[in-house]
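Read the figures in this text as sums done on the coordinates, not as results from a lab. Just so you know, these numbers come straight off a predicted model, no measurement behind them. Counting neighbours? That spans all protein chains shown, and the Cβs are built from the backbone with ideal geometry, glycine included.
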Amino acid sequence: MSELAASIAHELNQPLAAIVSNAQAAQRLLSRPPPDIAEARAALDDIAADGRRAGQVIQRMRAMLRKSELSVVAQDLNELVREVTRLLASAALLSDTTVRIDLAPALPPVRGDGVQLQQVLLNLLTNALDAVSRRPPEARLVVVRTRPSDGGLVELSVADSGEGVPPEDLARIFEPFVTTKAHGLGVGLAISRSIVEAHGGRLWAERGPGEGATFRCALPAWNGDTRSVG
Ligand code: ADP
């Protein structure tokens, strides 16, 4: 994650720096008496081109994640939940958060890359721990659930008792670099969605039935087909 984030930051820095300096140049050119419209227009053209380039960097990153070779084997999502919640047990303890797991018995396996699927759950759980940290300790609850769902899908959900996501942001938070955190990068959900889609699944956010947010991930159940994913 941090390597990928560093390389994205590096690739985006150049067009962003060029956008800022061209915008400043355009401001100067337009406030001159008389304003230099032709040069200002050229600077604006450069800004548009650099903006498109920054967009392409992000497109490429998403395409790369979709195409990257996945080591595809049958994955038991219940086992994945146990492993990742074990990894986060001390973080949960330190932050006075109760993490409850509710696993469906005899859940069909899904096909996928264990490391990448772990990464998705790790991102969702880390966000949930962040979200509940602003509640009083006795109200900090995260529930991880698995269940078979309609259409041959297996669903994994992470629900928390945090402040929830405003309805107008439910879609936007999956875009790269959207963050409300002082030190957030805003790439966790974008990468998680790319991983889930590379597995033929879907990842989305809902407002909880009561308080908080629920993130749901639906993945196709394994059907013995050994073709590669993605
Ligand atoms: P980051 O965690 O670096 O901000 P993410 O892509 O993981 O990046 O999340 C993007 C944004 O989505 C967060 O900044 C936050 O505003 C919102 N978000 C994610 N998970 C939750 C959650 N469980 N509850 C409320 N808001 C959330």
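Observations, loosely collected:
- Among 153-159, 9-15, 200-206, sorting by the average number of other beta carbon atoms lying within 10 angstrom of each residue, highest first, gives 153-159, 200-206, 9-15.
- Highest mobility in the GNM of the chain, judged by mean-square fluctuation with C-alpha springs under 10 Å and restricted to SER194, SER21, SER90, is found for SER21.
- A crude spin-label estimate for the pair ALA91 and LEU103, with each label 7 Å from Cα along the Cβ direction, gives 2.0 nm.
- The stretch 74-230: proportion of alpha-carbon pairs further apart than 22 angstrom, %: 39 percent
- Report note on the peptides 107-117, 175-185: ranked by the mean count of other C-beta atoms within 10 Å, highest first, their order is 107-117, 175-185.
- Sorted peptide list for 81-89, 26-34, criterion being average Cβ within 10 angstrom, highest first: 81-89, 26-34
- Helix 188-198 and the longest principal axis of the Cα set of the chain meet at an angle near 70°.
- FRET E, pair ALA74, GLU197, Förster distance 22 Å, beta-carbon r, rounded to 0.05: 0.65
- Selection among GLN24, GLY112, LEU44 by position relative to the dipole of the chain gives LEU44 as farthest towards the positive end (Cβ unit charges, Cα centre).
- In this calculation the C-beta distance from ARG52 to GLU206 is compared with R0 = 22 Å, giving a FRET efficiency of 0.10.
- If R0 is taken as 45 Å, the Cβ-Cβ distance between ASP36 and GLN59 corresponds to a FRET efficiency of 0.85.
- Neighbourhood net charge (15 Å Cβ-Cβ; Lys/Arg +1, Asp/Glu -1) for GLU211: 0
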